[in-house]
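The values are calculated or read from the model by the stated rules, or taken from the named source; none is laboratory data. In this text, all values refer to a predicted model and were calculated from it rather than measured experimentally. Note that we place each Cβ from the backbone using ideal geometry, even for glycine, and neighbour counts take in every protein chain shown. To get the accessible areas, we keep the full protein, side chains included, count just its heavy atoms, and leave off ligands, DNA and RNA. Shrake-Rupley method; radii C 1.70, N 1.55, O 1.52, S 1.80 Å.
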Number of protein chains: 2
Amino acid sequence: MERSERGRPAVYCSRSCQARAYRQRRNPPAPVTPPETERPDAHARKRRRIAEAVWRIASEHGLHTVSMRKVAAEAGVSLRMVQYYFDGKHALLVDALRLLHVENERLARARIPSDAADPRRLLRALLDEFLPLDGQRAFALRVFTAYYARSLADPALAAVFLAAEHPLERLVADIITMGQAAGSTVPGLDARREADLLVAGITGLGLDVLHERRSLADVRAVADYHLARIFAVEEGPPARSADHPRSDPA
Amino acid sequence: MERSERGRPAVYCSRSCQARAYRQRRNPPAPVTPPETERPDAHARKRRRIAEAVWRIASEHGLHTVSMRKVAAEAGVSLRMVQYYFDGKHALLVDALRLLHVENERLARARIPSDAADPRRLLRALLDEFLPLDGQRAFALRVFTAYYARSLADPALAAVFLAAEHPLERLVADIITMGQAAGSTVPGLDARREADLLVAGITGLGLDVLHERRSLADVRAVADYHLARIFAVEEGPPARSADHPRSDPA
DNA sequence: ATCATGATGATACGTTTGTATCGTAGCCTC
DNA sequence: GAGGCTACGATACAAACGTATCATCATGAT
């Protein structure tokens, strides 16, 4: 019959405290964060701040070093707060991945030029999103990589990747098809197959850059080669945006 | 001056035991496993057996769930044995990765046909090594993926990948070059760029298969498309070398 | 016969980790 | 002004983890 075997020992301050504790013990389901999506301001900001701490730790020391206490310290809040805003460690990891995903999509969407005039240039900008071209993209790439590996053994994480990343190859394929329609591509292409290998390949090469197994210039040269292979050579000015192995780490 | 604060408390069985303990305490460096590469039989077999347990746990539940005790249980040995044969947890992980690498290279080398007659067929066989075509390859791919992510934050693991995997793109490039010399490829190719995207892309697509984000047939279709793009279309019989997933979970 | 050594069992320590409370302060509403 | 709710602090605890011993039993050298 012992009510509490763990946690702080029960030395009730008053009858009212004891009564409230008893009541809360009776109906455990979710008095915490019931709205889940409302409370548009402070609540979401706190969650985001804690999630950012998860990202930083995962990016710098790996996902396996993420603990509730480290996250709390990194976010500058108490352990209790991490528990309060997230439903346990697993939920924290899953939610942090979700948040990173929407954040990343927001940033990417802002970075690629919306003037869809030149399919080749558009495709180039899109593929650049998978390369660690700046600190932010390298950061996100590291975190995603850590999560990706973990998702092989965690269906909840896998679901986030599944739901999120899929239409990307289709987008690339659409851009190539657009180029085909405009007659600016080499004839006889299979847009879907080209898109599939491009996306998977550039992603992998981006990881190689993180690993310092390849230089960024090298990867961009590979991308340029294949873009030139797909699209008929044109583009009057050389348009070499960053071909020189300028070595721009970070 | 207390000699032992941790571990089993010192209740010496005899003066000789005490003397030995004292001596061992004085010179800590490596009385265990000093030969490191000799003792060709039993020692290496035990290490291998323990490493296999690491692989299995990493493949099934992720690298972050690997603990010394779990490894011991999975390998059917005592915790002490894992400590004895490996120098702590980190060394266990690193060595297990090294062993998996040599094992995988051995298997791959045995699988690809050594008759280097047809470059296209040879390349196809080589790329197949990165796809989870059977239980063994899927298994190894899962483990490597887990390690790869961790290696982003662990230089010792990164070193294993760096030293190991690099000449692979060069090999693919050489095969393409071989095809170019034989005149069986489309003109105007850059063998290195083609090899870089092929290896990175097929690897990434293989991961998609593990994630069940793609079907194996889909990935092989992508590979076939690009092989056909690189090599002039020929090959009378369809020449499907190993389509049936024979499922050999070694 | 003694002793060193390698392999293995047994056990315990100190720390970290996830989680479970209990308590309180500030609202807001009746 | 009593009671409910949310946000937060403080604390505690069991389990797991990495590691550090000590003990024992072979076997082979001295």
For this session: Hey, can you grab everything whose amide H is under 5 Å from the amide H of residue B:185? Only 5+ residues off in sequence or another chain; H modelled, so Pro and N-termini drop out.
Result: B:232
Exercise. Got the residue B:88 label distances to the other copies yet, label 7 Å along Cα→Cβ, in nm, shortest first?
Worked result: 3.3
Exercise. Put +1 on the Cβ of each Lys and Arg and -1 on the Cβ of each Asp and Glu in segment B:47-167; which of B:58, B:152, B:138 then has its Cα farthest toward the positive end of the dipole?
Worked result: B:58
Seminar exercise, completed: Filtered hits (lysines, Cα-Cα < 27 Å from residue A:46, offset >= 8 within chain) -> A:70, A:89
Exercise. So how much accessible surface do B and A hide from each other in total, probe 1.4 Å, in square angstrom to the nearest 100?
Worked result: 3800 Å²
Exercise. Could you give the length gained on full extension between residue A:111 and residue A:87, defined as 0.36 nm per residue of separation minus the Cα-Cα distance, in nm?
Worked result: 5.3 nm
Problem set entry | Difference of contour (0.36 nm per residue) and Cα-Cα distance, residue B:49 to residue B:78 | 9.2 nm
Exercise. Are there residues in segment B:174-207 whose accessible area shrinks by at least 40 Å² when all protein chains are included rather than the chain by itself, and which are they (probe 1.4 Å, ligands and nucleic acids not counted)?
Worked result: B:193, B:196, B:197, B:200
Seminar exercise, completed: Among residues of segment A:52-68, a drop of 30 Å² or more in 1.4 Å probe accessible area, assembly relative to the chain on its own, occurs for A:64
Problem set entry | Per-pair calculated FRET efficiency, R0 = 56 Å: residue A:41 and residue A:232 via Cβ, rounded to 0.05 | 0.60
Problem set entry | segment A:72-220, accessible surface, carbon-and-sulfur percent (1.4 angstrom probe) | 57 percent
Exercise. How long, wide and thick is segment A:42-111, going by the Cα atoms along their three principal axes, in whole angstroms, largest first?
Worked result: 36, 28, 20
For this session: May I ask you to give the solvent-accessible area per residue for segment A:42-111, in square angstrom, as obtained with a 1.4 angstrom probe?
Result: 52 Å²
